[in-house]
1. Somewhere in segment A:72-84, is a residue more than 16 Å from A:C147 (Cβ to Cβ), surrounded by 18 or more Cβ atoms within 10 Å (Cβ to Cβ) and either among the small types (G, A, S) or in contact with a Ser or Thr (Cβ under 7 Å, 6 or more places away or on another chain) (or both)?
2. Being under 29 Å from B:L81 (Cβ atoms) and at the interface with chain B (Cβ under 9 Å from one of its Cβ atoms) is the requirement here; does A:G396 meet it?
3. Would you check which residues across segment B:18-72 are over 17 Å from the mean Cα position of the chain (by Cα) and part of a strand (DSSP E or B) and list them?
4. Given the conditions (1) at the interface with another protein chain (Cβ under 10 Å from one of its Cβ atoms); (2) over 20 Å from A:V405 (Cα atoms); (3) at pLDDT 95 or above, which single one is not true for B:L86?
5. Among (1) under 16 Å from the mean Cα position of the chain (by Cα); (2) at pLDDT below 95, which single condition is C:V30 missing?
6. Go through B:I167, B:I237, B:I227 for me and flag whichever is among the hydrophobic types (A, V, I, L, M, F, W, C) and within 14 Å of chain C (Cβ to nearest Cβ).
7. Does segment A:255-284 hold any residues that are within 20 Å of the chain's Cα centre (by Cα) and among the small types (G, A, S), and which are they?
8. What residue, among those in segment C:12-48 that are away from every other protein chain (no Cβ under 11 Å) and hydroxyl-bearing (S, T, Y), is nearest to B:E175 (Cα to Cα)?
Amino acid sequence: MYDVIIIGAGVTGCAVARYLSRYQGKMLVLERAEDVCCGTSKANSAIIHAGFDAAHGSLMAEMNVRGNRMVPQLARDLDFPFQMNGSLVVCMSEEDMPRLRALYENGVKNGVERLEIVDSKRLHEMEPNVSKNAVAALWAPTGGIVCPFNMTIALAENAYANGVEFRFNTKVTGFTRGSGCWTIHTDGGDFQTRYVVNAAGVYADVLHNMVSEERKLHITPRRGDYCLLDKQTGGFVSHTVFQLPGKLGKGVLVSPTVHGNIIVGPTAIDIEDRDGTNTTAAGLDDLIAKAGISVDNLPIRQTITSFAGLRAHEDHHEFVIGEVGDAPGFIDCAGIESPGLTSAPAIGETVAELLREKMGLAEKENFIATRKGLLDPKTLSREEYQALIRENPAYGQIICRCEQVTEGEIIDAIRRPLGARSLDGVKRRTRAGMGRCQAGFCSPRVMEILARELGVSQAEITKCGGASRLIVGVNKDSIGEVREG
Amino acid sequence: MKYEIAIIGGGPAGLAAAIAAYDAGCRSILILERDNQLGGILNQCIHNGFGLHTFGEELTGPEYAARFAKQVLDRGIEYKLNTMVLSISEDKKITAVNRTDGLIEIEATAVILAMGCRERSRGALNIPGFRPAGIYSAGTAQRLVNIEGFLPGRRVVILGSGDIGLIMARRMTLEGAKVLVVAELMPYSGGLKRNIVQCLNDFDIPLKLSHTVVDIQGRERVTGVTIAEVGPDRKPIPGTEIHYDCDTLLLSCGLLPENELSRGMGVTISPVTNGPVVDESLQTNIPGVFAAGNVLHVHDLVDFVSEEAAAAGRAAARYLEQGAQSGAGEINVTFEGGPRYTVPASIDPKRVSDDLVIRFRVGGVMKNRRVRLYLDDEVVVSRKRPVMAPGEMEELKLTKEALAAHPDLKRIHIAVEEA
Amino acid sequence: MEKRELTCIGCPLGCAITVTLDGGEVKDIVGFTCKRGKEYARKEVTNPTRIVTSTVRLVGSKTGACVVSCKTAQDIPKGKIFAVTAALKDVIAAAPVNIGDVLLKDVAGTGVDIVATKAVR
């Protein structure tokens, strides 16, 4: 019997797990994918929002501003990349100025600090590539950018270090309510727990509706297409440049990433399919057209990859956090769309606090509050790096040329707790394959290292778990059976 | 460490440059190679068709590489394998790393850039759809099949008719896979005609020109690919979609010179070739920094890579003897009627000591042409070309005698004209 | 009289060659630019041949290589291509292997040997 089972190992579930791991108890995270950070958390804008956007008085606004204030310290504690680069919301016409001022007012009411409206001159000094037609901007110095993969992985690893269990490749199929406990049915067997935390992203409404009659939730997967540009374009903008929602629609953002690329996106396309992370030609065309509104001469031809993520858009555009009225012991974290990444630490803390109160959980004496990320030789001095290679020569072997990732880092990513099991798992942890050649050169090498470290044949290695095998056989293995020319 | 010549890359260009520099008298040469063997990408090009020009016989890639590697070994030229160059400074200090030496710094008097190229990725093509396993660049598939012996898929659609894609269509077929179609965005093939004959036609693999991939299906592994015809604007035409059930999509949509190191050290890069802008010595804007092979401009044929790189090797050796030569007499090579660029981009006749080869590609398919090379207003080369295509590199030989006959030369011009 | 249009595969020039045939007999060849091209065209209409390149399994390599590349030492009839690859399926080479080492004699009854194209320790 578990005390708490968290469903979903995205950033929300991992944040709940991490904050909950301060307390004594038997806790488990169930995840249907093969790794943490496989849904919305891996495909988003990677922005730590300042908090001016969410409507004043909403839970979303509260969580956003609180989360924004928590992230800098959390990034230090858990060693994930974060930069407070500041955000600009660019206003493209005088007639939209009232809306820009309204956004400013909303932000001030939400408690966002140091907000300012800057005029065109100052805006262009700050960001020379912003469109010449821009008339003003809202300047939010507390906006930031983060590595969403390593933020989620860091939360999970720290939770794991504090005793939270994780089970991957396990899909929840239903619930049975007992007296004072829940049975969670999955494709990997049943699990008993006193409390359930529903952090299932775009599936959170499905799970909620399995246990509640009183209030049904409805979540729409809202697809966002993105383009990621080559690091050569780094510095095209240094702040996160949003477009003020105006007569030209909601607009898309252009932002640096913590790794030095430029990200452009997202579109907002409501779809039916909760796994519909496919980009479409129309979506990408729309994105490229919109991206050119707020900045001039965007080097979109330097795109190295495009992808799509799904926001869990709840009908009322509000976070649903708390115990379900007619399902005691079932805690929702539903409708966590943007600014969900920013809000995750606040949501995690809130839910952990709620459970502590309800369950009377006691603090651990030996809680480990910090976590060390993968050792990145690029952050070392020459002497330190030299010493590291002497000690462990694998750090002298570059595997991913584009991102200059060494074999040492890849081995670390695989061997560490909750380590990588797939090509994408290695990629999210080390950036191997995330560069301009998009794994063309390094994927056979990474497959080899994964097979060696996991003690399996290369035929078993997948891109992202499940049926995503990378090779299907050996040369000539079907000759004699299939004879086609 | 100090070397007179450091060569970045031990593929066909690096090897040929090293041999030629050695034979021109240089005894202090270091080749830095990131892979675990010399020969570069040739090691995975196990098909035949290499070396006809250089050796008068048809060799496979590994055999061609082995001949050059042997010449390097016979001369005792130094090389380091599994060594990645991290950066090169403008004053030619090279920082590299490997397992055994750790971080190393090499001071070179001359540097020859020979890093080769990479393939355009799915992302760079912005192909819509899911992102499952089973999407490979043709070169990645080539490595898996030819070096590791692994089949990346059984039912294959290929986008792009570049040579590696065509070669892989045949390779996958011979290893037991079924190649359903090769789709090419352009109205002409990007590969050599002979590869269409011996890699597609021999196996009845259809080539669909003016077609592109409009959707990739499959969440974990590719389950299907949809292609459609494109109009003159290269946009898909609704209603022309054809669906293929397949488990693999190979991409052969162009090669991009790998010039991140060159850019980092301040080498000027041509927006047309994505390679350095070089003069008649294959020297970049930085004196003593030379470039050759696919890092300079993507070639069709390794024999010409070797030839070009040998010229760079000789030029680097000459640089060691003579130092930087004034570029005051440089004449930009101009062109009209088809070429998109020339290598070299400029020529200083006073510095020319050998016959020069001028290489270029045209921007579209053209029939019945004549290529003329003018020195001032005199035609010094005139060649009939029944067909010219972007997939096939053109070359013209400019002899030193012809240059010597024009002491006050003002214009070097290439015109592609109706024959 | 029959006319066959060919693209020469002898070298990258890819010359367009026209062969005129009369009842299977070559009457005329035009369009080639070298001796090899003319020879190719004659062969292509009478007895087309190809070099086949492939891999065979390898055991005992110190480098960990599991396959070694190989080719038919001479060209073989085009119709025998698949018979050649099928014959290679069960060939296992033992390291070390040198370029030119015969890995299989007289493949698929063609009279042509399969030779290694790569040296592997």
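1. The answer is no; no qualifying residue exists.
2. Answer is yes for this residue.
3. Selection gives B:I29, B:L30, B:I31, B:L32, B:N48, B:L59, B:T60.
4. That leaves (2) as the condition not met.
5. All conditions are met except number (1).
6. B:I167
7. The answer is A:S255, A:G260, A:G265, A:A268, A:G276.
8. For segment C:12-48, the residue satisfying everything is C:T46.
The values are calculated or read from the model by the stated rules, or taken from the named source; none is laboratory data. Note that the structure is a prediction, hence the values are computed from the model and not measured. For neighbour counting, all protein chains shown are included, and Cβ atoms are generated from backbone atoms with ideal geometry for every residue, glycine included.
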